[in-house]
Every structure is written in structure tokens, then in C-alpha cells.
């Protein structure tokens with residue numbers, strides 16, 4: 001550090017401020033220090049910094065599975081948001097809900113400064129004892145005084161999907177819901193019910209999947225045989241399975257049945273037909289979760305709630321019902 005200071009013509013304290021990304025450094029001075037660091041090959045020593053500051057600049061990510069498209073997309077988004085703030089990421093998967101205390105302990109042993117819990121893992125977190133001092137942000141959870149929450153406006157997105165289908169002239173909208181223990185699935189189902197109720201329409205029985213396209217294909221024949229003309233699926237993967245099952249039954253989309261998904265995954269525009277869906281902003285969700293966690297770590301700001309809005313993306317899988 002002394003060598004860097006000498007080459008840059010600044011004090012050791014200024015070099016320290018640059019290394020720790022302090023805003024109290026003039027941009028031109030920062031550029032000289034960074035150039036000197038590059039010339040000497042200087043790199044901060046994370047372990048030594050942790051001993052001095054009591055922080056490792058590492059955050060934990062607690063997730064039940066990375067097999068779903070939504071969770072894998074959130075992993076990438078959280079990793080990007082953390083890296084932008086100079087934080088590394090440690091991932092722990094939760095095999096069964098009862099392991100949540102053990103998962104927290106593993107993260108503590110790895111010295112994380114705080115934890116983001118995702119989606120299906122949040123139910124286990126809500127039921128677990130949260131250790132004092134644990135900095136925690138939970139994605140997709142009801143408000144809780146013990147931790148900050150960040151969630152997509154799932155119910156609002158579901159209402160957008162149903163209102164779109166009703167506006168096209170469909171009498172009612174069937175629903176392929178996600179797992180019963182998922183908060184996101186429950187919120188999307190609530191939005192579907194509320195929209196139908198507000199319009200004075202009958203509410204069909206719920207068909208339930210597990211987020212996979214296979215589960216969507218399994219319930220698709222039931223939709224085809226029921227005579228449904230409009231279907232709202234709780235995610236795009238299940239919608240893909242529904243599209244396949246309807247085609248296998250000779251029901252053309254959107255001529256015979258209109259289908260809407262949720263998430264707007266990268267491939268949804270390439271489905272056949274291109275899928276009308278509710279866009280969930282994974283990048284914004286991860287950014288707000290990491291931002292809240294970093295504020296808790298660095299400024300002691302605890303609690304709070306963020307709600308990330310959704311939007312309807314209309315493509316070729318929805319149309320007016322056949323007369």
C-alpha cells in the first residue's frame with residue numbers, strides 16, 4: 001500500500017479509501033491510485049480486510065432448488081447485483097425445510113455478512129428461529145418484523161393477465177397454479193380469483209402443477225376436455241406444457257384456447273405460438289434485495305419492504321374466443 005501511495009503521490013489513507021470504495025476521493029485522484037495499483041499488481045487481501053473490519057464482503061444465498069427457471073435466473077441476477085457492490089456470493093441449497101437452521105449455520109461458518117433467501121425457501125425461513133444479529137432479506141414473503149422483504153407484485157400481475165383475457169371476450173379464465181406451499185403461487189392465484197370476482201365471473205376449479213413444463217402437460221388434457229377457452233398459467237414453463245398438451249388434443253392456440261403465462265423467461269417469445277405473459281423483473285428484484293441487504297450490513301438499516309411491479313407482454317397466444 002505504501003508503494004502504491006508513493007507512485008500515485010498520495011497518502012496511505014487515500015489508498016485505503018480507494019480500496020474500500022469510499023466516496024470521499026476525487027475522481028482524478030482515484031484514477032491515479034487505481035493506475036498505480038494496476039502497475040504494481042496490488043490486490044486487496046480479503047481475509048486480512050475481514051480481520052480488520054469484521055466483514056468479509058460475502059453474502060449468502062439460500063435457495064431450495066436451482067432447477068426452476070425462476071430460481072436460476074434469480075441466482076444470476078443476485079450474483080450480478082452483489083458483484084457490482086464488491087460482494088462475493090456463497091450459495092446454500094435447502095434440501096428439506098427442516099434443514100434451514102443448519103443452512104444458516106453453514107453460512108455463518110463461511111463468514112457471510114448477510115443472507116438473501118429465495119422463493120420456496122422463504123416458507124422454511126418464516127418458520128425458523130432467526131439468530132440475533134442475522135442480516136436477512138427474504139424474496140417473496142409476507143411482511144415480517146424480523147427481516148426485510150422484497151417481492152414481485154404477483155397478484156397485480158395475475159389480475160393483468162385475467163383482465164386481458166376477459167377484455168378479449170372470454171367468459172371466464174381457468175388457472176394452472178404453482179405448488180401449494182409457494183407464496184408466489186398463492187399470490188398469483190389470489191390475483192386470478194380477485195379479478196374474476198371483481199368482474200362477476202365464475203371461478204373454475206384450480207389445476208395445480210409444480211412449476212415444470214411436465215406438470216403443465218399433465219393437466220393440459222383436463223383443460224382441453226373441460227372446454228376452457230382461456231387459461232392463465234402461474235409460470236411460463238407450465239404454460240409450455242399446456243401448449244403441448246392442447247396441441248396433442250387438437251385444440252389450437254389461440255383459435256380454440258388462449259393461454260397466458262407468468263415470468264416472461266427468455267424463451268417465451270420463441271414458443272409456438274409466442275407466449276403472452278406477465279413480465280417479472282428478475283434484475284430489479286435481485287437489485288432491490290441486494291441493496292437492502294448491503295444497507296443492513298453497512299448502515300445497520302433493518303426491516304422494510306419493496307414491491308417490484310409487473311407488466312403484461314401481449315404476444316400471439318391470446319385472441320378473442322371463437323364465435
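Just so you know, all these numbers are worked out from the coordinates, no wet-lab data involved. Not measured: the values here are computed from a predicted model. FYI the Cβ positions are ideal-geometry reconstructions off the backbone, even for glycines, and counts take in every protein chain you see.
Measuring from a point 7 Å past the Cα of residue 167 along Cα-to-C-beta, which residues in region 232-258 have an amide N at less than 19 Å?
232-233, 254, 258
Could you give the nm distance between label points at residue 95 and residue 29, where each point is 7 Å from its Cα heading toward the beta carbon?
Label at residue 95, label at residue 29, 5.3 nm between them.
By how many degrees, 0 to 90 and rounded to 10, does the Cα axis of helix 183-198 deviate from the longest principal axis of the chain?
The answer is roughly 40 degrees.
Rounded, prolate or oblate: pick one for region 88-127, where a ≥ b ≥ c are the square roots of the eigenvalues of its C-alpha gyration tensor, a/c under 1.5 means rounded, and failing that, prolate if a/b is larger than b/c, else oblate.
Cα axes put region 88-127 in the prolate bin.
Indicate the gyration tensor shape class of region 64-118 (rounded, prolate or oblate), computed on the Cα atoms with a ≥ b ≥ c the square roots of the eigenvalues: a/c under 1.5 is rounded; otherwise a/b larger than b/c is prolate and the rest oblate. Mind showing how you got there, number by number?
Details: a/c = 3.04, a/b = 1.14, b/c = 2.66.
It is oblate, given that a/c is not under 1.5 and a/b is not larger than b/c.
How would region 154-280 be classified by its alpha-carbon gyration tensor: rounded, prolate or oblate, with rounded meaning a/c under 1.5 and the a/b versus b/c comparison settling the rest?
On the way: a/c = 1.34, a/b = 1.13, b/c = 1.18.
It is rounded, given that a/c, with a ≥ b ≥ c, falls under 1.5.
For every helix of n ≥ 4 consecutive DSSP H residues, a contribution of -39,500 (n - 2.57) applies; sum these over the chain, divide by its total residues, and give [θ] at 222 nm rounded to the nearest 500 deg cm²/dmol.
Working: 12 runs with 145 residues, N = 323.
Taking each H run of at least 4 residues, the total per residue is -14000 deg cm²/dmol.
Which log10 I(q)/I(0) values does region 231-323 give at q = 0.16, 0.18, 0.25 Å⁻¹ under the Debye formula, counting every alpha carbon as one identical point scatterer?
Scattering profile of region 231-323, log10 relative to I(0): -0.67, -0.76, -1.17.
Within the chain, what percent of beta bridges assigned by DSSP are antiparallel, to the nearest 5?
Working: 4 of 36 bridges.
In the chain, DSSP labels about 10 percent of beta bridges as antiparallel.
How many angstrom lie between the C-alpha centres of region 179-239 and region 297-323?
17 Å
On a 0 to 90 degree scale, rounded to 10, what angle separates helix 154-167 from the longest Cα axis of the chain?
So the inclination is approximately 30 degrees.
With viscosity set to 1.002 mPa s and temperature to 20 °C, compute the Stokes-Einstein D of region 2-44, Rh being the Kirkwood radius across alpha carbon pairs; µm²/s, no decimals. Working shown, then result.
Numbers: Rh = 9.9 Å.
My calculation gives 217 µm²/s for D.
Enumerate the residues in region 285-311 having an amide nitrogen under 20 Å from the point lying 7 Å beyond the Cα of residue 85 toward its Cβ.
Within reach of a label on residue 85: 285-309.
To the nearest whole percent, what portion of all C-alpha pairs in region 63-185 is separated by more than 23 angstrom? Let's see the in-between values first.
Details: 2868 of 7503 pairs.
The proportion of pairs with Cα distances above 23 Å equals 38 percent.
So for region 94-176, averaging the separation of alpha carbon pairs under 8 Å that are six or more residues apart and normalising by length, what relative contact order in percent results? Kindly include the intermediate steps, with their values, before the conclusion.
Numbers: 69 pairs, mean separation 16.5, N = 83.
RCO, region 94-176: 20 percent.
By how many degrees, 0 to 90 and rounded to 10, does the Cα axis of helix 69-84 deviate from the longest principal axis of the chain?
With rounding to tens, the tilt is 20 degrees.
Each label point is 7 Å from the Cα along the Cα-to-Cβ direction; what then is the distance between the points at residue 43 and residue 302, in nm?
Placing both labels 7 Å beyond Cα along the Cβ direction yields 3.6 nm.
For q values of 0.13, 0.14 Å⁻¹, compute log₁₀ I(q)/I(0) with the Debye formula on a Cα-only model of the chain, without solvent.
Per q value, in the given order, log10 I(q)/I(0) is -0.91, -1.00.
Return the distance in nm (one decimal) between the two label points of a simple spin-label model at residue 11 and residue 270, each offset 7 Å from Cα along Cα→Cβ.
So the two model labels end up 5.7 nm from each other.
Provide the gained length on full extension for the span residue 76 to residue 108, in nm with one decimal, where the gain is 0.36 nm per separating residue minus the Cα-Cα distance. Can you show the working numbers first?
Values: separation 32, 0.36 × 32 = 11.52 nm, distance 2.21 nm.
This chain segment gains 9.3 nm when fully extended.
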